[in-house]
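Student: For reference, the structure I am asking about is given below.
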Amino acid sequence: MDQVKNVINNSGIPQTDPSVVEANIINRIFWVVGVLAVIMIIVAGVQMITSAGDSGAVTKAKRTLVYSIVGLIVAVLAYAIVNFIIGKF
């Protein structure tokens, strides 16, 4: 059994705790969600600028902006909650 441990330890494969791997995956997912929310905020701004006074287009742009901000807030809160829970266990 010691020979197996030596082979594994000398294989060059990094030995990481599964909770660290889970935390890294979760952090990357939240990073992607945050980037998408910021992109959607920019898209909403462009929609509002190019609406040319059309009330329907302005309403659509405002709705996109609100949903993007709500999504960003949810992502930040989820990130904080997940990191708090991972830190406790």
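Student: Take segment 52-85 and flag every residue that is more than 16 Å from the chain's Cα centre (by Cα) and surrounded by 14 or more Cβ atoms within 10 Å (Cβ to Cβ).
Tutor: Ala57, Val58, Lys60, Ala61, Lys62, Thr64, Leu65
Student: Something else now. Which condition does Trp31 not pass, out of (1) surrounded by 12 or more Cβ atoms within 10 Å (Cβ to Cβ); (2) at pLDDT 90 or above, if it passes all the others?
Tutor: Checking Trp31 against (1) surrounded by 12 or more Cβ atoms within 10 Å (Cβ to Cβ); (2) at pLDDT 90 or above, the one that fails is (2).
Student: Please count how many residues of segment 34-51 are exposed (fewer than 14 other Cβ atoms within 10 Å of the Cβ) and modelled with pLDDT under 90.
Tutor: 0
The values are calculated or read from the model by the stated rules, or taken from the named source; none is laboratory data. These numbers come from a predicted model, not from an experiment. Don't worry about glycine lacking a Cβ; one is built from the backbone with ideal geometry, like all the others, and counts go over all protein chains shown.
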